[in-house]
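See below for the structure under consideration.
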Amino acid sequence: MIHCTPNVHVRLSQKLSDRKVECVAALIGKKVGSDYYITEILTARNEDGDPEKRFFVSLRQMEQLTVQAHHKGCMILGIAHSHPGALPVSPSTADILNCRHAVNAVYHPETRSLTWFNSQGETGCQVVQPSVRKPIFTRNFAAV
């Protein structure tokens, strides 16, 4: 199960809100048993040559993000990225096939929706309302 605090939702909506290019963030926190607790995000740089349609984070940048997460007593649980403009709200086939982490998310700035997904293509969607403080969000799918 994925546990995510409202503060993380607010930060994701702020950091991934560009409506022209795909933005990227590392989801950090702790894994306890089969549960993932996302407590913070680290902004990443989209290194793709066509950032309006795709995102890419190099191994070198992932290593730097991993060090930052460890300094905070956390680990990288996954990656969140945005689908700006006319791109779909849900993860693309490429997103699902290329995800390398247990927890992944797509944020769609136009609809303010956040879609969680894993490498099996299982998804869960919610609307991010930054002004509303709700209990911790949980998504129950088997993260791999």
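Being modelled with pLDDT of 85 or more, touching a Ser or Thr at 6+ places or on another chain (Cβ under 6 Å) and not hydrophobic (A, V, I, L, M, F, W, C) is the filter here; which residues of segment 96-135 pass it?
Tyr107, Pro109, Thr115
Would you confirm whether any residue within segment 60-69 is part of a loop (DSSP other than H, G, I, E, B) and exposed (fewer than 15 other Cβ atoms within 10 Å of the Cβ)?
No, segment 60-69 contains no residue that is part of a loop (DSSP other than H, G, I, E, B) and exposed (fewer than 15 other Cβ atoms within 10 Å of the Cβ).
Within segment 84-103, is there a residue that is of a type in the set (S, T, N, Q) and closer than 17 Å to Lys15 by Cα? So that I can check it myself, show each step before the final result.
Going residue by residue through segment 84-103, those that are of a type in the set (S, T, N, Q) are 90, 92-93, 98.
Checking the rest, the ones that are also closer than 17 Å to Lys15 by Cα come to none.
No, segment 84-103 has no match at all.
Working only within segment 88-119, note down all residues that are assigned to a helix (DSSP H, G or I) and more than 17 Å from Glu47 (Cβ to Cβ). So that I can check it myself, show each step before the final result.
Just the residues of segment 88-119 that are assigned to a helix (DSSP H, G or I), to begin with: 93-98.
Once the filter is applied, which keeps residues that are assigned to a helix (DSSP H, G or I) and more than 17 Å from Glu47 (Cβ to Cβ), segment 88-119 yields Thr93, Ile96, Leu97.
Within the set of pairs 6+ apart or on separate chains, which have a first residue in segment 106-124 that is closer than 19 Å to Ala86 by Cα, a second that is crowded, with 22+ Cβ neighbours inside 10 Å and among the acidic types (Asp, Glu), and C-beta atoms under 8 Å apart?
Listed pairs, sorted by first residue: Val106/Asp95.
Of the numbered conditions (1) modelled with pLDDT of 90 or more; (2) in contact with a helix residue (DSSP H, G or I) (Cβ under 8 Å, 6 or more places away or on another chain); (3) not in a loop (DSSP other than H, G, I, E, B), Lys30 fails exactly one; give the number of that condition.
Going through (1) modelled with pLDDT of 90 or more; (2) in contact with a helix residue (DSSP H, G or I) (Cβ under 8 Å, 6 or more places away or on another chain); (3) not in a loop (DSSP other than H, G, I, E, B) one by one, Lys30 breaks only (2).
Between a first residue in segment 42-53 that is free of Cβ contacts under 8 Å to residues at least 24 places away in the same chain and a second residue that is among the hydroxyl-bearing types (Ser, Thr, Tyr), which pairs have beta carbons less than 7 Å apart while being 6 or more apart in sequence or on different chains?
Glu47/Ser58
Among the residues of segment 39-57, which ones are of a type in the set (Asp, Glu) and either outside any strand (DSSP E or B) or farther than 16 Å from Ile28 by Cα (or both)?
Taking segment 39-57 first, the residues of a type in the set (Asp, Glu) are 40, 47-48, 50, 52.
Correct list: Glu47, Asp48, Asp50, Glu52.
Ile38 - would you say it is touching a residue at least 12 places away in the same chain (Cβ under 8 Å), surrounded by 18 or more Cβ atoms within 10 Å (Cβ to Cβ) and out of contact with any Phe, Trp or Tyr (no Cβ under 7 Å at 6 or more places or on another chain)?
Spelling it out, Ile38 is indeed touching a residue at least 12 places away in the same chain (Cβ under 8 Å), surrounded by 18 or more Cβ atoms within 10 Å (Cβ to Cβ) and out of contact with any Phe, Trp or Tyr (no Cβ under 7 Å at 6 or more places or on another chain).
Gly85: of a type in the set (Gly, Ala, Ser), in a loop (DSSP other than H, G, I, E, B) and modelled with pLDDT of 95 or more, yes or no?
Here the answer is no, as Gly85 does not meet what is asked.
So His101 clears everything in (1) under 12 Å from the mean Cα position of the chain (by Cα); (2) over 16 Å from Tyr36 (Cα atoms) except one condition, right? Which one?
(2)
The values are calculated or read from the model by the stated rules, or taken from the named source; none is laboratory data. These figures come from a predicted structure and were not determined experimentally. Cβ coordinates were reconstructed from backbone atoms using ideal geometry, including for glycine residues, and neighbour counts include every protein chain displayed.
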